Amino acid sequence: MTHRHVEAAAVPRQAEVGFTLSPAQQGKGYATEALEALLGYSFESFGLHRVVAVTDALNTPAAALLERVGLRREGHFVENIFFKGSWGSELLFAILEWEWAARQ
């Protein structure tokens, strides 16, 4: 195995994104615009292969945002996280570079 091949194999080319927006600023399109810009920059400038996001299963606006910008739901983790005194569930979303490119 060449040094170059090892180096390329060691780079995961994956990232996770997350977001929090003040309730006063929600519903104005800011998160959609920012997330689309971040995904474009991530795929085009960093050559990423895959971007993932995890959200609380009860956060339907966040799930809708992720789907709106092109991420697909890949998983539903039932009561997988203990947070603020109770068990919660999370949704996993992802998009691949070729899926992002096909949307552009």
Charge sum, other residues only, whose C-beta stays under 12 Å from Q14's C-beta, Lys/Arg counted +1 and Asp/Glu -1: 0
Pair R72, Q26: separation of 7 Å Cα→Cβ label points (nm): 2.8 nm
3J(HN,Hα) from dihedral phi, region 28-37, Karplus parametrisation 6.51/-1.76/1.60, rounded to Hz, x for glycine, proline: 10, x, 4, 5, 4, 4, 5, 5, 4, 5
Residues with amide H under 5 Å from that of I81, placed H, sequence gap 5 or more: G88
Whole-number percent relative contact order across the chain, with pairs defined as alpha carbons under 8 Å at least 6 apart: 26 percent
Within region 62-78: backbone nitrogen closer than 15 Å to the F19 label point (7 Å, Cα to C-beta): 62-72
Using θ = phi - 60° and Karplus 6.51 cos²θ - 1.76 cosθ + 1.60, couplings along region 61-69 (whole Hz; Gly, Pro as x): x, 5, 4, 5, 4, 4, 5, 4, 8
Efficiency of FRET between I81 and A34 - r from beta-carbon atoms, R0 22 angstrom, step 0.05: 0.30
Fully extended contour minus Cα-Cα distance, from S89 to R103, at 0.36 nm per residue: 2.1 nm
Helix-only [θ]222 nm of the chain, DSSP H runs n ≥ 4, -39500 (n - 2.57) each, per residue, nearest 500: -11500 deg cm²/dmol
Principal axis dimensions, largest first and in whole angstrom, of region 27-103 by Cα: 41, 28, 17
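Taken together, the values in this text are just the output of simple stated rules run on the coordinates, not laboratory data. Quantities reported herein were computed from a predicted structural model and do not represent experimental measurements. Don't worry about glycine lacking a Cβ; one is built from the backbone with ideal geometry, like all the others, and counts go over all protein chains shown.
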